[in-house]
Amino acid sequence: MTRHKPSKKEMLEHFGFGTKLMKRYKVCSCCGNKQKASNRVCEVCHTILTENTLFDTYVSTHRCCGQCGNVIPDGAQFCPVCGTKQNKEKEAI
């Protein structure tokens with residue numbers, strides 16, 4: 001019986017650093033506490049939250065793969081997760 005070797009993306013998700021987790025939360029701009037993405041008001045300080053999740057904020061400042069959506073290091077010619085050849089410009093998701 002062969003064991004499934006987890007991909008880099010699966011490992012990131014396992015340790016709480018993947019895109020799925022980032023899409024489930026946002027951070028209150030007033031108190032800095034983590035909130036569910038569905039929350040409209042911070043449960044701690046009652047400040048109105050933006051619609052942006054952690055993922056939205058992160059990808060707005062980083063290059064992302066047009067194929068799989070993962071963040072790509074500056075200067076990378078290929079996505080380290082899916083292997084797709086990349087443009088030099090920032091991809092929109």
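Every number here is computed from the coordinates shown, using simple stated rules; none is lab data. Keep in mind it's a predicted model, so treat the numbers as computed, not measured. Positions of Cβ are backbone-derived with ideal geometry, glycine not excepted, and every protein chain shown enters the neighbour counts.
Results, tabulated for the structure shown:
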{"item": "Close Lys-Lys pairs in the chain, where close means Cα under 24 Å and separation is 8 or more or interchain", "result": "26"}
{"item": "Projected label distance in nm at residue 60 and residue 25, using a 7 Å step from Cα toward the beta-carbon", "result": "1.9"}
{"item": "Directionally averaged shadow of the stretch 9-59, computed from the convex hull of its alpha-carbon atoms, nm²", "result": "3.5"}
{"item": "Cα→Cβ-extended label distance, 7 Å offset, between residue 14 and residue 50, nm", "result": "3.3"}
{"item": "Note, ³J(HN,Hα) from phi for the stretch 41-50, Karplus 6.51, -1.76, 1.60, rounded to Hz, x at Gly and Pro", "result": "10, 5, 6, 8, 10, 6, 6, 5, 8, 6"}
{"item": "Furthest towards positive pole of dipole, 68, 35, 87, structure part the chain, Cβ charges", "result": "68"}
{"item": "Peptides ranked, highest mean first, by Cβ atoms within 10 Å: ranges 61-71, 31-41", "result": "61-71, 31-41"}
{"item": "Local electrostatic count at residue 23 - Lys and Arg +1, Asp and Glu -1, tallied over other residues with Cβ under 15 Å", "result": "+3"}
{"item": "Cβ-defined net charge surrounding residue 43, 12 Å radius [Lys, Arg +1; Asp, Glu -1]", "result": "+4"}
{"item": "Dimensions in Å of the chain - Rg and Dmax from alpha carbons", "result": "15.9, 53"}
